[in-house]
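The values are calculated or read from the model by the stated rules, or taken from the named source; none is laboratory data. Source: prediction; values computed, not measured. Here the Cβ positions follow ideal geometry from the backbone for every residue, glycine too, while neighbour counts run over all protein chains shown. All accessible areas refer to the heavy atoms of the entire protein, side chains included, with ligands and DNA or RNA removed. Shrake-Rupley method; radii C 1.70, N 1.55, O 1.52, S 1.80 Å.
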Amino acid sequence: MSFPSLSHNPHESTSSTPLLNGSHPRKNKKGILLILCGFLLLVSLVAYNGFNSASNIQEERSNTKTVPSTMIPVSRGVANGVSEKSNRLFSSNNIGESENYPWNNSMLSWQRTSFHFQPEKNWMNDPNGPLYYKGWYHFFYQYNPNAAVWGDIVWGHSVSRDLIHWLHLPLAMVNDQWYDKNGVWTGSATILPNGQIIMLYTGSTNESVQVQNLAYPADPSDPLLVHWIKYPNNPVLFPPPGIGYKDFRDPTTAWLTSEGKWRITIGSKLNKTGIALVYDTKDFKTYELKKGTLRAVAGTGMWECVDFYPVSKLAENGLDTSSNGAEVKHVVKVSLDDDRHDYYSIGNYDEKKISFIPDDVKNDVGIGLRYDYGIFYASKTFYDQNKGRRVLWGWIGESDSEYADVTKGWASVQSIPRTVKLDKKTRSNLLQWPVAEVDTLRLRSNEFKNLKAKPGSVVSLNIESATQLDIVAEFEINKEALEKTTESNVEYQCSTNGGAAKRGALGPFGLLVLADEGLSEYTPVYFYVTKGSDGHLKTSFCSDQSRSSLATDVNKQIFGSLVPVLEGEKLSVRILVDHSIVESFAQGGRTCIASRVYPTRAIYGAARLFLFNNATEATVTASIKIWQMNSAFIRPFHPGQKI
């Protein structure tokens, strides 16, 4: 199969009018009069045609936003001391594609998600202080109440009974003190044994110094935790000697040491070495800086949004943040300021030495494994004591133009909350999976069993709608192709080897989501298998946005990585499609990819779903089940509403 090319240039070249012959203009009145008459006649014809089509023009104008021909991306965040928050500045793709696409209201309205968390309007970024309290899940987030771009950051606040159906509450904390005048930035919640809630957060002072502050509920008896009090003697922590005043942010959830003290870690850097500073406290008001660091890795740059938590080596359930012992591994996760990706490492935590040692130095903090190989940043976990699980949130930003975000009035979504645990089979990676409550949104389903996809084929999957889906699929390659394929040292990388258009003996194959009938737009989510020189198979899992949209002002990257596939396992994937976001989970969540997709044609009823096999040798057998997904009906909470 040869995928349709999207090299189409929407800006067709036009023939230019040659200059008049002659270089010596003469005062020829007759000639001038003839030219003037011709010009007036031309204007009359244009006016006549314009009059006849005025209603059509007016209708198009009402549905299409007038855009400037170019927009120069503006840096947001870096000068203030946080990672880059401008979408277009962070892409290496589409260089030179600066013209804004003529988005209309229908296209932009379609992009808003139906079951992923997002505010009613404006900009959102990092998840903050998630917790479960008195029957409610609480979610706080970085929010700009004034615009759909980063700036004026405060804490938004929403609550839910099930992590899916959310109610928006009033802002939890605003930037009304000198120590957070330039932003109420990222923080974490700690629930003490007596039920008291401690919230630590980074404030950017009136002089842009990053300091740590304490807050707590004004009324602990209120299950909605609507009102918050900032500790009168804030800040509780300033940057220590040797640390830059803009390099000290994002305190973690605290964990209890064997000495009865609470311990936190805060991200920073020394030159280009990323570090996690460690502090002990008894009352969350005074702190002792511990010698050394929890971990330091050269060349990784500033560590933002550090997370530290235990995972069980034996049990499937999650663990409280203070858990430790022989049957426990620990995870250190950092968000790298330099590349805006979230990396994690699994290893052992030595409480006495206050150090974390990775199991595999090749997968040290900031250089190895990632939570997600797409758009996923500033993530935060919390221990859900209600259901005994650890839940992960991640910020999924936009990859369109800032102009489009401002036009539609919002920017960014949060990932579907994911459970996270140690992979008991590989013992070298985490497993992430959508929380079970997502399944309650499933409506009608279609099932396709043992579909055969020959090399170079595309198979239409006839379903009623393809905009809000939960897809579970398994794939098998025929044995003859596996045996026939020659061994090779050639490595396949999703982002650099041509995406789904690159044909190999054993791949790519998978699903085309958010595709239109004529395949002028489509987003392949796929596997690509190679046979190494040692005879072992290597499997890549990828998501290819390069042909996802005809628009010229969106980033169309190809995401992915290798995924461990154990002997006897079928290749499996779960895909959540929710308008402009596609979240994909391979092999039970060993490798995950979140991507943003902005089609212009494959929207509403025109969206389709296809099975494809672009391999040259392999025949693929697929079994697929597809559910239509309901909306989560995320809405404001109204005073007096029954809870």
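Quick rundown of the values:
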| quantity | calculated |
| --- | --- |
| Pair list, Cβ < 8 Å and 6+ apart or interchain, from segment 618-633 residues that are farther than 23 Å from Tyr528 by Cβ and assigned to a loop (DSSP other than H, G, I, E, B) to residues that are open to solvent by 10 Å² or more (accessible area, probe 1.4 Å) and not hydroxyl-bearing (Ser, Thr, Tyr) | Asn630/Arg442; Asn630/Leu443; Asn630/Gln468; Ser631/Gln468; Ala632/His165; Phe633/His165 |
| The one condition in (1) open to solvent by 10 Å² or more (accessible area, probe 1.4 Å); (2) within 26 Å of Asp342 (Cβ to Cβ); (3) touching a Gly at 6+ places or on another chain (Cβ under 7 Å) that Thr530 fails to fulfil | (2) |
| Flag for Pro434 being touching an Asp or Glu at 6+ places or on another chain (Cβ under 8 Å) and either open to solvent by less than 10 Å² (accessible area, probe 1.4 Å) or among the aromatic types (Phe, Trp, Tyr) (or both) | yes |
| Residues (surrounded by fewer than 20 Cβ atoms within 10 Å (Cβ to Cβ) and touching a Leu at 6+ places or on another chain (Cβ under 9 Å)) located in segment 144-157 | Pro145 |
| Check on Asp360, at negative phi, at pLDDT below 95 and open to solvent by 30 Å² or more (accessible area, probe 1.4 Å) | no |
| Subset of segment 575-609 [open to solvent by 10 Å² or more (accessible area, probe 1.4 Å) and in a strand (DSSP E or B)] | Arg608 |
| Selected residue (only one of Tyr133, Tyr141 is touching a Gly at 6+ places or on another chain (Cβ under 7 Å) and in contact (Cβ under 8 Å) with a residue 24 or more places away in the chain) | Tyr141 |
| Selection within segment 372-423 - over 13 Å from the mean Cα position of the chain (by Cα) and of a type in the set (Ser, Thr, Tyr) | Thr381, Tyr383, Ser401, Tyr403, Thr407, Thr419 |
| Residue in segment 460-474 that is modelled with pLDDT of 95 or more and acidic (Asp, Glu) present | yes |
| Scan of segment 301-326 for residues that are crowded, with 23+ Cβ neighbours inside 10 Å and either small (Gly, Ala, Ser) or farther than 19 Å from Gln385 by Cβ (or both), ordered by number | Met302, Trp303, Glu304, Cys305, Val306, Gly318 |
| Filter result (touching a helix residue (DSSP H, G or I) at 6+ places or on another chain (Cβ under 9 Å) and over 9 Å from Asp516 (Cβ atoms)) within segment 601-619 | Tyr604, Phe612, Asn614, Ala615, Glu617, Ala618, Thr619 |
| Qualifying residue in segment 319-331 (condition: in contact with an Asp or Glu (Cβ under 6 Å, 6 or more places away or on another chain) and touching a residue at least 12 places away in the same chain (Cβ under 8 Å)) | no |
| Selected residue (only one of Leu550, Leu537, Leu562 is surrounded by fewer than 20 Cβ atoms within 10 Å (Cβ to Cβ), touching a Pro at 6+ places or on another chain (Cβ under 8 Å), over 11 Å from Ser595 (Cβ atoms) and touching a residue at least 24 places away in the same chain (Cβ under 8 Å)) | Leu550 |
| Residue ranges of strands (runs of 3 or more DSSP E) in segment 245-357 with at least 3 members under 25 Å from Tyr231 (Cβ atoms) | 262-270, 273-281, 287-289, 303-312 |
| Qualifying positions in segment 164-188 - within 19 Å of Asn234 (Cβ to Cβ) and either among the hydroxyl-bearing types (Ser, Thr, Tyr) or surrounded by 21 or more Cβ atoms within 10 Å (Cβ to Cβ) (or both) | Ala172, Met173, Tyr179, Asp180, Asn182, Gly183, Val184, Trp185, Thr186, Gly187, Ser188 |
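Yes/no per residue for (1) farther than 26 Å from Gly397 by Cα; (2) open to solvent by 20 Å² or more (accessible area, probe 1.4 Å); (3) part of a strand (DSSP E or B); (4) touching a Leu at 6+ places or on another chain (Cβ under 6 Å):
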residue	(1), (2), (3), (4)
His138	no, no, yes, yes
Asp162	no, yes, no, no
Thr190	yes, no, yes, no
Val211	no, no, yes, no
